[in-house]
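> Take this structure first; my questions come after.
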Amino acid sequence: QPQLVESGGGLVQPGGSLRLSCTASGFTLTTYTVGWFRQAPGKEREPVSCVSSRDSSTTYADSVKGRFAISRDNAKNTVYLQMNSLKPEDTAVYYCAAEYLTYCSGPWYDYDFWGQGTQVTVSS
């Protein structure tokens, strides 16, 4: 069964860094656009970053631009989200999702596969 698994979340102080991993099994992630989303308590799910399977372009939410970076390691069938200069506002459950052969333009409900989520808490 196709699956995505996120890892790398945890508790970090403001200004710290985390690297989230999204590893696929049962399918080749390189042929899928991969998006990172997050959902904080009481708030709706929001897009964070995306890497396209069509043109390899990347996108970032304005709130994380310059602090987060998305990348692929095709040999490991994994997409990473490097998060630097973390703020308390970044606290959320982070999800990765994959959509076959597309650009980074779709909403969350267009994605085909989702991971279980990983908690990121930024607090002093």
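The values are calculated or read from the model by the stated rules, or taken from the named source; none is laboratory data. In this text, all values refer to a predicted model and were calculated from it rather than measured experimentally. All Cβ positions, glycine included, derive from the backbone under ideal geometry; neighbour counts span all protein chains shown. We work out accessible area using only protein heavy atoms, side chains counted, and drop any ligands, DNA or RNA first. Shrake-Rupley method; radii C 1.70, N 1.55, O 1.52, S 1.80 Å.
> With the condition kept exactly as written, say whether any residue in the range 2-11 is outside any strand (DSSP E or B), farther than 15 Å from Thr121 by Cα and open to solvent by 20 Å² or more (accessible area, probe 1.4 Å).
Checked against the condition, which is being outside any strand (DSSP E or B), farther than 15 Å from Thr121 by Cα and open to solvent by 20 Å² or more (accessible area, probe 1.4 Å), the range 2-11 yields at least one hit.
> Being among the small types (Gly, Ala, Ser) and assigned to a strand (DSSP E or B) is the filter; apply it to the range 91-112 and report the residue that is surrounded by the most Cβ atoms within 10 Å (Cβ to Cβ). If you could, list the steps in order and put the result at the bottom.
At the first step, the residues of the range 91-112 found to be among the small types (Gly, Ala, Ser) are 92, 97-98, 105-106.
Narrowing further to those that are assigned to a strand (DSSP E or B): 92, 97-98.
Working: Ala92: 22, Ala97: 25, Ala98: 23.
Top of the filtered list is Ala97.
> Another question about this same structure. Only residues that are over 14 Å from Val93 (Cα atoms) and not aromatic (Phe, Trp, Tyr): list them for the range 20-34, please. Before the answer, list the steps.
Step one: of the range 20-34, the residues over 14 Å from Val93 (Cα atoms) are 23-34.
Result: Thr23, Ala24, Ser25, Gly26, Thr28, Leu29, Thr30, Thr31, Thr33, Val34.
> Another question, if that's okay. Restricting to the range 18-49, and then to whatever is under 15 Å from Arg67 (Cα atoms) and open to solvent by less than 60 Å² (accessible area, probe 1.4 Å), can you tell me which residue is farthest from the chain's Cα centre (by Cα)?
Leu18
> Conditions first: (1) touching a Pro at 6+ places or on another chain (Cβ under 7 Å); (2) in a strand (DSSP E or B). Phe27 passes all but one, so which condition is the exception?
Of (1) touching a Pro at 6+ places or on another chain (Cβ under 7 Å); (2) in a strand (DSSP E or B), only one is false for Phe27: (2).
> Residues to consider are Ala24, Ala40; find the one that is touching a Ser or Thr at 6+ places or on another chain (Cβ under 9 Å) and closer than 12 Å to Trp114 by Cα.
Ala24 is the lone residue from the list that is touching a Ser or Thr at 6+ places or on another chain (Cβ under 9 Å) and closer than 12 Å to Trp114 by Cα.
> If I ask for residues that are open to solvent by 20 Å² or more (accessible area, probe 1.4 Å) and of a type in the set (A, V, I, L, M, F, W, C), which ones from the range 50-69 would you list?
Applying the first criterion (open to solvent by 20 Å² or more (accessible area, probe 1.4 Å)) to the range 50-69 yields 53-63, 65-67, 69.
Of everything in the range 50-69, those that are open to solvent by 20 Å² or more (accessible area, probe 1.4 Å) and of a type in the set (A, V, I, L, M, F, W, C) turn out to be Ala61, Ala69.
> Moving on to the next point. Is there any pair linking a residue in the range 53-69 that is more than 15 Å from Tyr103 (Cα to Cα) to one that is acidic (Asp, Glu) and surrounded by 11 or more Cβ atoms within 10 Å (Cβ to Cβ), with Cβ under 9 Å and at least six apart or on different chains, and which?
Ala61/Glu46; Ser63/Glu46; Ser63/Glu89; Ser63/Asp90; Val64/Asp90; Arg67/Asp90; Phe68/Asp90
> Can you report the number of residues in the range 70-90 which are free of Cβ contacts under 8 Å to residues at least 60 places away in the same chain, outside any strand (DSSP E or B) and loosely packed, with under 15 Cβ neighbours inside 10 Å?
Here the count works out to 4.
> OK, next. Looking at the range 44-59, is at least one residue more than 15 Å from Tyr111 (Cα to Cα), hydrophobic (A, V, I, L, M, F, W, C) and touching a Phe, Trp or Tyr at 6+ places or on another chain (Cβ under 8 Å)?
no
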